[in-house]
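Student: Can you keep this structure in mind? I'll have questions shortly.
The values are calculated or read from the model by the stated rules, or taken from the named source; none is laboratory data. Treat the numbers as computed from the prediction; the structure is a model and nothing was measured. Glycine also receives a Cβ, built like all others from the backbone with ideal geometry; neighbour counts cover every protein chain displayed. Keep in mind that these areas ignore ligands, DNA and RNA; they rest on the heavy atoms of the full protein, side chains included. Shrake-Rupley method; radii C 1.70, N 1.55, O 1.52, S 1.80 Å.
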Amino acid sequence: MGIVSRGFTGRRRTGAADLPPGQYLVDDFPVLSAGPTPRVPLDEWELVITTETGERHRWSWTDFLALPAETPTVDIHCVTRWSKLGTRWTGVSLDVLLDEVETSADHALAESYGGYTTNLPLEDLRDGRAWVVHKYDGDPLPAEHGGPARLLVPHLYFWKSAKWLNGIRLTPTDESGFWETAGYHDYGDPWREQRYQGD
Ligand SMILES: Nc1nc2c(c(=O)[nH]1)N[C@H]1C(S)=C(S)[C@@H](COP(=O)(O)O)O[C@H]1N2
Ligand SMILES: [Mo]
């Protein structure tokens, strides 16, 4: 995996109540991408939720921007042990997107431009816990951090927050994504230190 980062220069303050076990704090914002950064023109960008029956719900960039946005401030935790507290994003709650979707699927597979995938239980995308975000700290989301838009699921390790999100496939059975197939934990709860299979 190609790791590009400015280094882990943040202060260490382990043991803080808001820091999951085995994590340390950073002040900068490392970039972790398993491949090259896709460049997706906004007039070609689309977000598609596909249900288990093959029904497709599609939003163009204009459609997406017309949806009600929220500005969550959340802590993020990477499985490579850095955590960043109080990150501020702008985007659309998955509750809003899924509101239009009829499904009885239990699982979701996030699919990115460039081919990255990651799986999550569908219920973890509900109840105000997940967003498709297009701004970071008030500015358009930089491409290296997943722009035009990425998934943000801060209660799970950050590999679940797929950058360059293109679609979400709802499936009746659990299908492993990119890192999950490579041995990362299927669920990835940082508070239970679910880094790898068997944790
Ligand atoms: N499409 C895509 N999404 C991805 C990744 C990736 O390689 N490709 N890396 C994941 C991992 S391991 C982490 S820690 C975060 C990193 O996000 P950042 O580069 O904005 O810090 O994105 C996640 N989402
Ligand atoms: Mo990561």
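Student: Please report the antiparallel percentage of DSSP beta bridges with both residues in the chain, rounded to the nearest 5.
Tutor: Here the share of antiparallel DSSP bridges comes out near 85 percent.
Student: Would you mind calculating the relative contact order of the chain from Cα pairs under 8 angstrom and at least 6 residues apart, reporting the percent as a whole number?
Tutor: Relative contact order for the chain comes out at 22 percent.
Student: Out of the total accessible area of the chain (probe 1.4 Å, heavy atoms of protein only), what percent is carbon and sulfur?
Tutor: Within the chain, the accessible surface is 48 percent carbon and sulfur.
Student: Follow-up question, since we're still on this one. If you scale each eigenvalue of the Cα gyration tensor by 5 and take the root, what three semi-axes come out for the chain, rounded to whole angstrom and sorted largest first?
Tutor: Square roots of five times the eigenvalues give 26, 20, 16 Å.
Student: What FRET efficiency comes out for GLU123 versus ASP27 if R0 is 30 angstrom and r is the Cβ-Cβ distance? Round to the nearest 0.05.
Tutor: Between GLU123 and ASP27 the formula returns 0.35.
Student: How much length would be gained if the chain were fully extended between ASP43 and ASP137, taking 0.36 nm per residue of separation minus their Cα-Cα distance, in nm to one decimal?
Tutor: On the way: separation 94, 0.36 × 94 = 33.84 nm, distance 2.37 nm.
Full extension of this stretch gives 31.5 nm more.
Student: Under a 1.4 Å probe, what is the accessible area of the range 135-199 per residue, stated in Å²?
Tutor: Value returned for the range 135-199: 40 Å² of accessible area per residue.
Student: Using all Cα-Cα distances in the range 92-147, what percent lands in each 10 angstrom bin from 0 up to the longest?
Tutor: Percent of pairs per bin, in order: 20, 48, 29, 3.
Student: Per residue of the chain, what 222 nm ellipticity follows from adding -39500 (n - 2.57) for every DSSP H run with n ≥ 4, rounded to the nearest 500?
Tutor: Here the helix-only value at 222 nm equals -1000 deg cm²/dmol.
Student: Further question: Can you give the direction-averaged projected area of the convex hull of the alpha-carbon atoms in the range 87-199, in nm²?
Tutor: 7.0 nm²
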